[in-house]
Amino acid sequence: MDITHDRFVAHIDILGMSSIVEKNHDEAWQMLSALVEARDNATNTTLNFVGLDQSIHTPDIVRSVTFSDTIFLFTRGTTDIDLRALIIAVLEIFSKALYNRVPVRAGISLGTFYFNLEKSMYAGPALIDAYRVGESAQ
């Protein structure tokens with residue numbers, strides 16, 4: 001069996017979170033709570049794509065991790081379905097965050113990404129690339 005660590009990775013974070021916390025920590029917590037709720041809703045869906053005879057359950061394809069004001073999502077592989085599911089999840093999070101007045105930026109990349117869910121370990125060039133794409137958007 002050929003094991004690959006290539007996958008799609010998305011990085012989403014709140015713009016100016018440090019300043020928001022310093023200015024009003026209650027508001028910062030409300031923003032973070034809204035972002036996490038958006039993540040939960042976006043990553044627990046069933047998708048039906050035109051031309052596919054199957055339903056795609058997003059949690060089977062996209063995993064998410066939250067640390068402080070940052071969410072990153074990653075796929076199981078590099079198929080078209082993986083990419084579609086990730087893009088839809090990121091767009092849902094982005095849309096709901098903006099609706100709730102949570103300023104976010106996001107980046108998506110493709111590349112090597114390692115993870116160990118049990119030990120909460122995540123690393124790889126794809127995560128750095130996704131972070132840099134989001135950072136450059138400002």
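Things to note:
- Any hit, segment 90-101, residues being of a type in the set (F, W, Y), exposed (fewer than 13 other Cβ atoms within 10 Å of the Cβ) and under 23 Å from V133 (Cβ atoms): yes
- Only one of K119, K96 that is without any contact (Cβ under 8 Å) to a residue 12 or more places away in the chain and either out of contact with any Lys or Arg (no Cβ under 7 Å at 6 or more places or on another chain) or not aromatic (F, W, Y) (or both): K119
- When restricted to residues that are within 26 Å of V50 (Cα to Cα) and in contact with a Pro (Cβ under 9 Å, 6 or more places away or on another chain), segment 79-136 contains 1.
- Subset of segment 45-67 (residues that are over 17 Å from N116 (Cα atoms) and surrounded by 13 or more Cβ atoms within 10 Å (Cβ to Cβ)): T45, L47, F49, I56, H57, T58
- Within segment 68-80, being surrounded by 17 or more Cβ atoms within 10 Å (Cβ to Cβ), of a type outside the set (S, T, N, Q) and more than 13 Å from V36 (Cα to Cα) holds for one residue alone: F74.
Every number here is computed from the coordinates shown, using simple stated rules; none is lab data. Bear in mind that the values here come from a model prediction, so they are computed numbers and not experimental data. Cβ atoms come from the backbone with ideal geometry, glycine included; neighbour counts cover every protein chain shown.
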